[in-house]
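Everything below concerns the one structure shown next.
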Amino acid sequence: MLNQLPESIGQLNSMLYRYGNIYMNEQLKPYQLSAGQYQFLLVLFYREGISQDEVASILKMDKGTTARAVAKLEAEDYVRREVDMMDKRAKKLYLTERARQFEKQLRAILDQWKMILTSDLTEEEQEHAFALLGRIAKNAERYIERTED
């Protein structure tokens, strides 16, 4: 699988990340988006009107990466920024009509990727894999949070 290299969680995770980005970039190209932006839209589909900093926190991304992704989404007319009336330094993020119309396609693209990844897994195996990946991610999050303190 990995040209005779011993497998590790890190290598497998890296492969999934790279292949996922290839897939997403291919699927999102007609919408002038890339793998680096769609996650921000997903957050706003659930919590429109939150600040850029809140989005960064939810996605565990740095503020610079978030600012660049939001700027790209704004340039492509998926997001608009408005100054927060309570805190003039903060910017609230809102979806545009283009983003609202795109939500169904984005969810279909993500569903298709999930089907590709789990095509030979039973429902029970899928649930188990998801649960284990969630626990692994939580372990990583706890470790990083401890080292940042």
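Given the structure, is Leu2 at pLDDT 95 or above and under 23 Å from Ile136 (Cα atoms)? In short, no. Checked against (1) free of Cβ contacts under 8 Å to residues at least 60 places away in the same chain; (2) touching a helix residue (DSSP H, G or I) at 6+ places or on another chain (Cβ under 6 Å), Trp113 passes all but a single condition, namely (1).
Filtered by the rule that a residue be of a type in the set (Lys, Arg) and part of a helix (DSSP H, G or I), the range 49-108 gives Lys63, Arg68, Lys72, Arg98, Arg100, Lys104, Arg107.
Among the residues of the range 18-34, count how many are closer than 26 Å to Lys92 by Cα, surrounded by fewer than 17 Cβ atoms within 10 Å (Cβ to Cβ) and either under 13 Å from the mean Cα position of the chain (by Cα) or at pLDDT below 95 (or both). Qualifying residue count, the range 18-34: 1. Selection over the range 42-72 of residues that are more than 25 Å from Glu145 (Cα to Cα) and touching a residue at least 40 places away in the same chain (Cβ under 8 Å) gives a count of 3.
The values are calculated or read from the model by the stated rules, or taken from the named source; none is laboratory data. Since this is a predicted model, take the numbers as computed values, not measurements. A quick note on method: Cβ atoms are made from the backbone with ideal geometry, for glycine too, and the neighbour counts reach across all protein chains shown.
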